[in-house]
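Here the structure is laid out as structure tokens; the discussion comes afterwards.
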Amino acid sequence: MDGVAAIRSVLVADASLVTLIPDDCIIAGPLPVNAPLPAISLSSISKVDRNIPAPGATRFVRERVQVTVHARNYSSQKAILRAIRHAAADRIDATVDGIEGVTIHTESAGPDVLYEDASVWTGSQDFSLTYTEER
């Protein structure tokens with residue numbers, strides 16, 4: 001389990017978000033070619049383990065995850081980004097299988113981009129996660 005899986009877990013558990021986008025369109029990794037839209041792709045931006053002098057069975061991790069929305073129009077992209085922030089922002093001790101002590105906060109949001117040739121609007125929101133995982 002990692003930060004990408006943790007964010008995906010929180011997003012697919014949010015009833016408001018899955019009314020806008022089906023949970024099978026919330027994908028860890030790059031969006032496949034010809035994927036149905038709207039869709040969400042998740043990727044890890046950075047990950048730091050906090051090593052301590054006498055490591056035990058677990059380690060503390062800080063990870064930054066980018067959530068990117070792919071939509072057919074600007075209003076849909078913005079609505080999905082708002083729902084993502086509502087679902088994942090400021091989650092303290094979120095329940096996620098495989099990792100403990102999950103805390104999620106918002107980081108910076110990316111620009112709005114229109115890929116004209118494909119008629120796809122994208123936008124992103126970064127999240128900072130801390131959690132404890134097994135070594």
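The values are calculated or read from the model by the stated rules, or taken from the named source; none is laboratory data. From a predicted model like this one, the values you see are computed outputs, not experimental measurements. Glycine gets a Cβ as well: all are built from the backbone with ideal geometry, and neighbour counts include every protein chain shown.
Every residue, every condition in (1) more than 16 Å from the chain's Cα centre (by Cα); (2) polar (S, T, N, Q), yes or no:
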{"site": "Asp2", "(1), (2)": "no, no"}
{"site": "Arg8", "(1), (2)": "no, no"}
{"site": "Ser16", "(1), (2)": "no, yes"}
{"site": "Asn34", "(1), (2)": "yes, yes"}
{"site": "Ser44", "(1), (2)": "no, yes"}
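Working only within the range 97-115, note down all residues that are outside any strand (DSSP E or B) and either at pLDDT 90 or above or β-branched (Val, Ile, Thr) (or both).
Gly110, Pro111, Asp112
Find the helices (runs of 4 or more DSSP H) located wholly in the range 1-96 whose residues include 3 or more that are out of contact with any helix residue (DSSP H, G or I) (no Cβ under 7 Å at 6 or more places or on another chain) and either under 19 Å from Val113 (Cα atoms) or among the β-branched types (Val, Ile, Thr) (or both), and list them.
Per the criteria, 74-88.
Of Ala39, Ala57, Ala83, Ala79, which residue is exposed (fewer than 15 other Cβ atoms within 10 Å of the Cβ), among the aliphatic types (A, V, I, L, M) and either farther than 15 Å from Leu129 by Cβ or without any contact (Cβ under 8 Å) to a residue 40 or more places away in the chain (or both)?
One residue alone meets the criteria, Ala57.
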